[in-house]
């Protein structure tokens, strides 16, 4: 079974396809922007990477969401709730974690079926 | 290959079955209860969701455990150790993470085979 | 499809093989050592466990890296960058999380193809 790497760099790939699943790198938005703006950008990037893999948001199996500050939970969720495929919602877990720099407020990691 | 979603809501599903694996949402216990009580409730909920998926704890592949306060590590582990299938223990990782509200002390995310 | 557990203990296994994938437990280095030393030891342990599973670092699909202190990001990355298979980099996410004790600075969780 082959492994296909999407947008590989020297440190990581943005996504890796293996068998009937695609694993995305943790996606972040523009540092310093609002939680709403970062979440919107992240979800657009997830859509883009899933399309490159031959998948889409209706096929997301699981999502981990890391927030720099859990007080941003509701603001992140508002963007998530308007984006998620309500007929096909993934399993999800959200926890607080400092990210690469404090300007990053949200990071989302998804695994999807093809 | 079909995707089956268990207890889907508008934001997430409690579990998603794809191929020969089931991905559970991060499970939490009753907020404000002790670490022992929350962990006990979480593991019972994992048993219940695995059964709905056609799996059980002997088939858990991996578990991530998030603790609001890593000083609760031993208390969580006491409950885990009495529950885990000692003949079939999963790969596991435990780290500290603030959860949805400070009343939540433990969250556990599992992936299991069917 | 069988499940093979590598170095099972009473609490967890160090790795679990199912189908064409292997899931590793969160790997840590010697507590109290430097970030460089801990990361080096973790990556050697990942190499060892992948070999036991019949895999190797060229087949890693995804890695989660937890740092006790995100200020160690660059020090961890220097070790990672010299180790990772630059032709076959995994999807990756890095976040901050307190680990089992404060002497642990880094924990890495990988999933690989066989």
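Numbers for the structure displayed
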quantity	calculated
Antiparallel content of DSSP bridges confined to segment A:1-99, in %, to 5	60 percent
For C:7, B:45, order by how many other beta-carbon atoms lie within 10 Å, fewest first	C:7, B:45
For the protein assembly as shown: rounded, prolate or oblate by the Cα gyration tensor [a/c cutoff 1.5]	rounded
Across the identical copies, how the residue C:51 labels are spaced - nm, sorted shortest first, 7 Å along Cα→Cβ	4.4, 4.4
Candidates A:87, A:51, A:30: whichever shows maximal mean-square fluctuation once chain A is modelled as a Gaussian network with Cα springs under 10 Å	A:87
Simple spin-label estimate for residue C:103 and residue A:86 in nanometres, 7 Å along Cα-Cβ	5.3 nm
C-alpha center-to-center spacing [segment B:1-51, segment A:60-114] in angstrom	17 Å
Rel. contact order, % - alpha carbon contacts under 8 angstrom, at least six apart, chain C	35 percent
Distances in nm from residue A:4 to the matching label points in the other copies, shortest first (labels 7 Å along Cα to Cβ)	2.8, 2.8
Other-copy label distances relative to residue C:101, 7 angstrom Cα-Cβ extension, nm	3.5, 3.5
Rounded to 10°, Cα long-axis angle of helix A:35-53 versus longest principal axis of chain A	0 degrees
Beta bridge orientation in the protein assembly as shown: antiparallel %, DSSP, nearest 5	75 percent
C from A by rotation - nearest chain A beta carbon to the axis, in Å	A:97, 3
Residue of B:59, B:86, B:33 that the Gaussian network model of chain B assigns the largest fluctuation, springs spanning Cα pairs under 10 Å	B:86
Shape parameters for segment B:3-113, alpha-carbon atoms, Rg then Dmax in Å	13.4, 38
222 nm mean residue ellipticity, helices alone, for chain A (DSSP H n ≥ 4; -39,500 (n - 2.57); rounded to 500)	-8500 deg cm²/dmol
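Every number in this text was worked out from the coordinates using simple rules, so none of it is lab data. On a predicted model such as this, the values are computed, not experimentally measured, just so you know. FYI the Cβ positions are ideal-geometry reconstructions off the backbone, even for glycines, and counts take in every protein chain you see.
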